[in-house]
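Please read the structure below before turning to the comments.
The values are calculated or read from the model by the stated rules, or taken from the named source; none is laboratory data. Quantities reported herein were computed from a predicted structural model and do not represent experimental measurements. With ideal geometry, Cβ positions are generated from the backbone for all residues, glycine too; neighbour counts draw on all protein chains shown. These area figures cover heavy atoms from the full protein model, side chains too; ligands, DNA and RNA do not enter into them. Shrake-Rupley method; radii C 1.70, N 1.55, O 1.52, S 1.80 Å.
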Amino acid sequence: MQNYANHRRLIPSYHGVVFAALLLGAVGSFVNLFHATHETLYSASLITLIFVIAIANFFFQRGFALRAQDRAIRAEENFRYYRITGKDAPNELTMAQIIALRFASDEEYLPLLEKAVREKLSQTEIKKAIRNWKADNHRA
């Protein structure tokens, strides 16, 4: 059962093993570059560049997936608000608030949304205020 304490999604093989391998490889490539001779400077530079690009890619690919997921969440929650109220969702809602509100059950959605707008609640405050947690098991 998903709740505030366990809703974050970490994939050990991705967030741990792959990142650690990239980090160790990057450190090793910098050491190799530092100790390179004139003859090995070019290849050492390329290896370092490859690891820098791989680390950047590690963060960008996660960011792109989350950005696409955020757009889907915004559309789903705007539709959910419209389905419940027959009106467009308030423009004052931030993306972080919308993301947090997706975990609220339909019964507590509107009161919590209104409170979030009125009191400018943070994402964490909204999530902690949810009593009947609606799991999102399909997130990136």
> Given labels modelled 7 Å from the Cα in the Cβ direction, how far is it in nm from THR37 to LEU10?
Replying inline: 4.4
>> Can you give me the accessible area per residue for the chain, using a 1.4 Å probe, in Å²?
In response: 68
> Nearest 10 degrees, 0 to 90: what angle lies between the long axis of helix 19-34 and the longest principal axis of the chain (Cα atoms)?
Replying inline: 30
>> Taking the alpha-carbon distance from LYS87 and a cut-off under 19 Å, which aspartates and glutamates remain once sequence neighbours fewer than 8 residues away in the same chain are dropped?
In response: GLU76, GLU77, ASP106, GLU107, GLU108, GLU114
> For the Cα atoms of the chain, what angle does the longest principal axis make with the long axis of helix 106-119, in degrees from 0 to 90, nearest 10?
Replying inline: 80
> Could you give the dipole magnitude of segment 17-140 about its Cα centre, charging the beta-carbon of Lys and Arg +1 and that of Asp and Glu -1, in debye to the nearest 20?
Replying inline: 240
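In segment 4-92, which trypsin sites (Lys or Arg not before Pro) are in a loop and have at most 14 other Cβ atoms within 10 Å, using DSSP for the loop call? If you can, show how the numbers build up before the last one.
Values: sites: ARG8, ARG9, ARG62, ARG67, ARG71, ARG74, ARG80, ARG83, LYS87; in loops: ARG8, ARG9, LYS87.
Counting only loop positions with at most 14 other Cβ atoms within 10 Å, the trypsin sites (Lys or Arg not before Pro) in segment 4-92 are ARG8, ARG9, LYS87.
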>> Counting pairwise Cα distances across the chain, what percent come out greater than 21 angstrom?
In response: 57
